[in-house]
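Structure first, then comments.
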Amino acid sequence: LPSNVPSDLPSNVPSDVPSKVPSDVPSSLPSQSPSESAQPSDQPSETPSDVPSSEPSSEPSSTPSCSPSASPTESPSTEYGVNLFYPDWAAGDSGCRNDGDEPDYMAVNPTQWLSSTMQACCKKYFGGYMYDACMGRYPPDHDDCNVMLYYPDWNGSNKGCLDDGKEPYYMLSNHQYFLSNSIEECCEKFYEWDFYGCSGTTPVLTNGEFYPDWSGGGSTCLADGKMPDYMISNQKWYLSTTLEKCCERHFYWDLNECLGTTAVGTDKWYVDYDDEKCVQDCSGASSCGGVANFWEELFSTKEQCCKAKLGWVPKCRFK
């Protein structure tokens, strides 16, 4: 049994049972393991932590950013990249958005509620004094903000893509297919055969600038930068670094005309089957038959030509 009166000196060994009443004076040394408080502090610390929190804040910023975050998400979103503009009457932040979060009743009736440009949306739903505030949410001249979508101009000149918001209803109803975020995307999808003419961009020529011009019916190579897109798509075959290389590849049978030079014969001999005789590869003299075509077989002497080509003509050598 413990004594009712404590001793004047403490024992060397602590008791197994703790006292029922805690001491009034705290110990001089802190405990090795701090206690975990059940409730966080009411006031935030004045100095922020060096390490960011692992969880995002539950409240989004009031104004959306036009530029994406520096680090992409690990998993791609499942939404399509083309979103139409819809009216958002949220208190204090009304305007037109194209974040893909339009209400279902708008999504199922896009020709009624949705627009391909922010200007069309703001004009339709926030006209008058509210128009400037609506357009100001995403400045039209801001490079990072996509304020219009492009569509193929099949009902007009059919030479490219437009972003005037006047696309047909059927394109608006199927905007994921017909509308594009940029003119390059639209031209690549609907005007691939004339991509550079549609997009207004300049191609990068890696194999030279000379190309065969078959439009005039002649044997000509040009370097005026007006080659068709199909040649740009296959530059290795169609384009050449020099006029000579272009002519040799594409007009080898009419090389002199392509090069703009005067044909000069070799003075060798080739057969003329119409007259059943051998003639010289030259112009002017009586023995000349004109400059030989590239396919003609040439011989060093008339005798060789007659023997090889007109062996059944006894007087070939004397003609």
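The values are calculated or read from the model by the stated rules, or taken from the named source; none is laboratory data. Note that this is a predicted model, so its numbers are computed, not measured. Backbone-built Cβ (ideal geometry, glycine too); neighbour counts: all protein chains shown. To get the accessible areas, we keep the full protein, side chains included, count just its heavy atoms, and leave off ligands, DNA and RNA. Shrake-Rupley method; radii C 1.70, N 1.55, O 1.52, S 1.80 Å.
Laid out as a table, the results:
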read-out	value
At q = 0.11, 0.23 Å⁻¹, base-10 log of I(q)/I(0) for region 196-293 (Debye sum, equal scatterers on each alpha carbon)	-0.47, -1.09
Long-range amide H partners of Asp213 with built H, under 5 Å	Thr220, Cys221, Leu222
Long-range amide H partners of Cys278 with built H, under 5 Å	Asp272
Calculated FRET value between Lys307 and Asp164, using beta carbons and R₀ = 45 Å, to 0.05	0.05
Difference of contour (0.36 nm per residue) and Cα-Cα distance, Asp267 to Tyr252	3.3 nm
When each of Lys166/Lys189; Lys123/Lys189; Lys124/Lys159; Lys159/Lys245; Lys245/Lys277 is checked by Cα-Cα distance, pairs over 27 Å	Lys123/Lys189; Lys124/Lys159; Lys159/Lys245; Lys245/Lys277
Sparsely packed trypsin sites (Lys or Arg not before Pro) within region 192-288, loop by DSSP, other Cβ within 10 Å at most 16	Lys226
Three-way shape label, region 115-262, alpha-carbon gyration tensor, a/c 1.5	prolate
Accessible area in square angstrom per residue, region 164-319, 1.4 angstrom probe	62 Å²
